[in-house]
Amino acid sequence: MDTILSINRTAFTIGTLEVQWYGLLITIGMIIALIIAMVHMKQIGHHADEAIELFLWVVPLGVIFARLLYVFVRPEEYFYKWTSFDDFINMIAVWEGGLTIIGGILGGILGIVIYSIIHRSTISLGQALDIVAIPVIFAQVIGRVGNYINQEAFGVAITTASMQHFPIAIYITDPSGVAEEFYPEVMRLISENGGGYWFAATFFYELAWNFLGFIILTIIFRKNRKMPGLLAFVYLSWECLIRGLLEYIRMDAVPITQILCWTALPIVIVLGALFVWYRLSKVSYLKMKFLTEAGTVSKVNITKFDAWNFAFVGKLLNPEKKISKVFSWLYSINSKRIYEMQIYAHYVREDKRVK
């Protein structure tokens with residue numbers, strides 16, 4: 001087991017160029033993510049190649065922000081000197097490792113927003129978020145394999161002999177990315193124990209967690225059509241929870257990451273709950289509006305929630321209230337939004353079945 005991390009970090013060389021496994025795996029993850037996005041884009045009624053343009057916004061901004069957040073919280077490593085061009089190359093060398101998913105998420109969201117603004121007449125922000133969420137979490141699974149090869153993103157030392165085995169622990173011989181305050185202790189343990197020691201396999205914990213998340217998000221995507229955007233809240237909650245917990249034991253932990261996770265998690269959960277309620281309310285309102293205008297409202301085709309919600313939303317839309325314009329926008333059908341027309345069409349078909 002002591003040789004479990006004996007994989008060379010260099011996958012292959014082309015002349016003087018060394019291609020690192022980390023960069024290769026990141027590339028493979030992006031390609032698979034794009035394929036998944038193209039399949040899902042087609043499933044919601046768009047052309048598969050539209051996913052390519054979406055990813056041309058998401059991927060570059062995601063990588064840039066992921067690297068920026070990683071280096072900015074480590075000034076002692078990347079900014080303490082600038083004596084040669086190599087120092088600049090070291091700062092942008094994503095192919096050698098050193099990306100933070102929190103920064104990647106921020107950059108990715110920015111890319112999604114830009115794309116959805118450009119294509120606002122055909123695709124909603126919620127749909128764009130759903131298309132990206134599943135590929136991203138799967139790409140993270142592949143990326144964690146790169147952490148394994150680079151011997152990074154591991155956790156505290158595992159001193160109990162019965163726990164010194166994979167997947168609980170990983171045998172580290174040549175660590176990288178260790179925070180400055182933990183580095184002396186990590187190297188002491190390695191040097192005093194024959195050139196290697198066992199540490200918590202936190203990268204694998206997150207890999208397994210994200211793979212489970214990938215399965216859950218995929219199931220939700222296949223079952224959910226009335227709430228475009230729901231996957232974004234599920235994904236962010238899922239990611240913030242695991243990163244917030246793992247930052248307690250990771251050897252490359254930085255305070256800002258944990259602060260961001262624990263700050264964002266309750267906000268995302270509350271906003272997610274409000275989003276679910278709003279989508280259910282709007283779908284119910286659209287249904288009642290159509291049935292009322294068609295004169296086919298009956299106990300057979302409505303629920304108590306439909307009746308209560310219709311009355312409640314009606315009060316919100318009261319033109320005498322200043323805030324009614326906001327709710328009029330929230331509960332209106334924009335004919336340019338395909339996903340809203342699909343909801344409307346659903347109740348047209350439903351009403352025909354009732355008749």
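The values are calculated or read from the model by the stated rules, or taken from the named source; none is laboratory data. Model, not experiment: these values are computed from the prediction. A quick note on method: Cβ atoms are made from the backbone with ideal geometry, for glycine too, and the neighbour counts reach across all protein chains shown.
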Scope the stretch 34-61; condition free of Cβ contacts under 8 Å to residues at least 60 places away in the same chain, touching a Gly at 6+ places or on another chain (Cβ under 9 Å) and not aromatic (Phe, Trp, Tyr); matching residues: Leu56, Val59, Pro60, Leu61
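Within the group Ile101, Ile114, which residue is farther than 25 Å from Ile215 by Cβ and touching a residue at least 12 places away in the same chain (Cβ under 8 Å)? Write out each step before concluding.
Working: Ile101 fails: farther than 25 Å from Ile215 by Cβ.
Checking each option against the conditions leaves just Ile114.
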Restricting attention to the stretch 107-151, report how many residues are modelled with pLDDT under 90, crowded, with 18+ Cβ neighbours inside 10 Å and not in a helix (DSSP H, G or I). 2
Might you check whether a residue that is of a type in the set (Val, Ile, Thr) and free of Cβ contacts under 8 Å to residues at least 60 places away in the same chain occurs anywhere in the stretch 205-217? yes
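Listed here are the residues, each with its yes/no results for (1) at pLDDT below 80; (2) among the charged types (D, E, K, R); (3) in contact with a strand residue (DSSP E or B) (Cβ under 8 Å, 6 or more places away or on another chain); (4) in the same structural domain as Trp209 (by TED's automatic domain parsing).
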{"residue": "Cys261", "(1), (2), (3), (4)": "no, no, no, no"}
{"residue": "Phe275", "(1), (2), (3), (4)": "no, no, no, no"}
{"residue": "Tyr285", "(1), (2), (3), (4)": "no, no, no, no"}
{"residue": "Lys299", "(1), (2), (3), (4)": "yes, yes, no, no"}
{"residue": "Lys304", "(1), (2), (3), (4)": "no, yes, no, no"}
{"residue": "Lys315", "(1), (2), (3), (4)": "no, yes, no, no"}
{"residue": "Ile323", "(1), (2), (3), (4)": "yes, no, no, no"}
{"residue": "Val326", "(1), (2), (3), (4)": "no, no, no, no"}
{"residue": "Ser332", "(1), (2), (3), (4)": "yes, no, no, no"}
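Report those helices (runs of 4 or more DSSP H) wholly inside the stretch 1-106 carrying at least 1 residues which are surrounded by 13 or more Cβ atoms within 10 Å (Cβ to Cβ) and either modelled with pLDDT of 85 or more or among the polar types (S, T, N, Q) (or both).
Numbers: elements: 21-43, 50-72, 75-78, 85-92.
In the stretch 1-106, 21-43, 50-72, 85-92 are the helices (runs of 4 or more DSSP H) which contain 1 or more residues that are surrounded by 13 or more Cβ atoms within 10 Å (Cβ to Cβ) and either modelled with pLDDT of 85 or more or among the polar types (S, T, N, Q) (or both).
For Arg243, are the conditions met, namely being in contact with a Leu (Cβ under 9 Å, 6 or more places away or on another chain), of a type in the set (D, E, K, R), at pLDDT below 95 and farther than 30 Å from Val186 by Cβ? Working first, answer last.
On the way: in contact with a Leu (Cβ under 9 Å, 6 or more places away or on another chain): yes; of a type in the set (D, E, K, R): yes; at pLDDT below 95: yes; farther than 30 Å from Val186 by Cβ: no.
No, not satisfied.
This table checks each residue for (1) of a type outside the set (Ser, Thr, Tyr); (2) within 15 Å of Phe154 (Cα to Cα); (3) crowded, with 16+ Cβ neighbours inside 10 Å.
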{"residue": "Gln164", "(1), (2), (3)": "yes, yes, yes"}
{"residue": "Asp174", "(1), (2), (3)": "yes, yes, no"}
{"residue": "Val178", "(1), (2), (3)": "yes, yes, yes"}
{"residue": "Trp198", "(1), (2), (3)": "yes, yes, yes"}
{"residue": "Phe203", "(1), (2), (3)": "yes, yes, yes"}
{"residue": "Gly213", "(1), (2), (3)": "yes, no, yes"}
Within the set of pairs 6+ apart or on separate chains, which have a first residue in the stretch 130-159 that is at positive phi, a second that is hydroxyl-bearing (Ser, Thr, Tyr), and C-beta atoms under 9 Å apart? Gln151/Thr173; Gln151/Ser176; Ala153/Thr202
Flag if Ile190 is of a type in the set (Val, Ile, Thr), part of a helix (DSSP H, G or I), without any contact (Cβ under 8 Å) to a residue 40 or more places away in the chain and over 28 Å from Phe138 (Cβ atoms): yes
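Loosely packed, with under 15 Cβ neighbours inside 10 Å, among the aliphatic types (A, V, I, L, M) and over 30 Å from Ile158 (Cβ atoms): which single residue out of Leu274, Leu291, Leu230, Leu236 fits that description? Walk me through how you get there before you give the answer.
Values: Leu291 fails: loosely packed, with under 15 Cβ neighbours inside 10 Å; Leu230 fails: loosely packed, with under 15 Cβ neighbours inside 10 Å; Leu236 fails: loosely packed, with under 15 Cβ neighbours inside 10 Å.
Exactly one of Leu274, Leu291, Leu230, Leu236 is loosely packed, with under 15 Cβ neighbours inside 10 Å, among the aliphatic types (A, V, I, L, M) and over 30 Å from Ile158 (Cβ atoms), namely Leu274.
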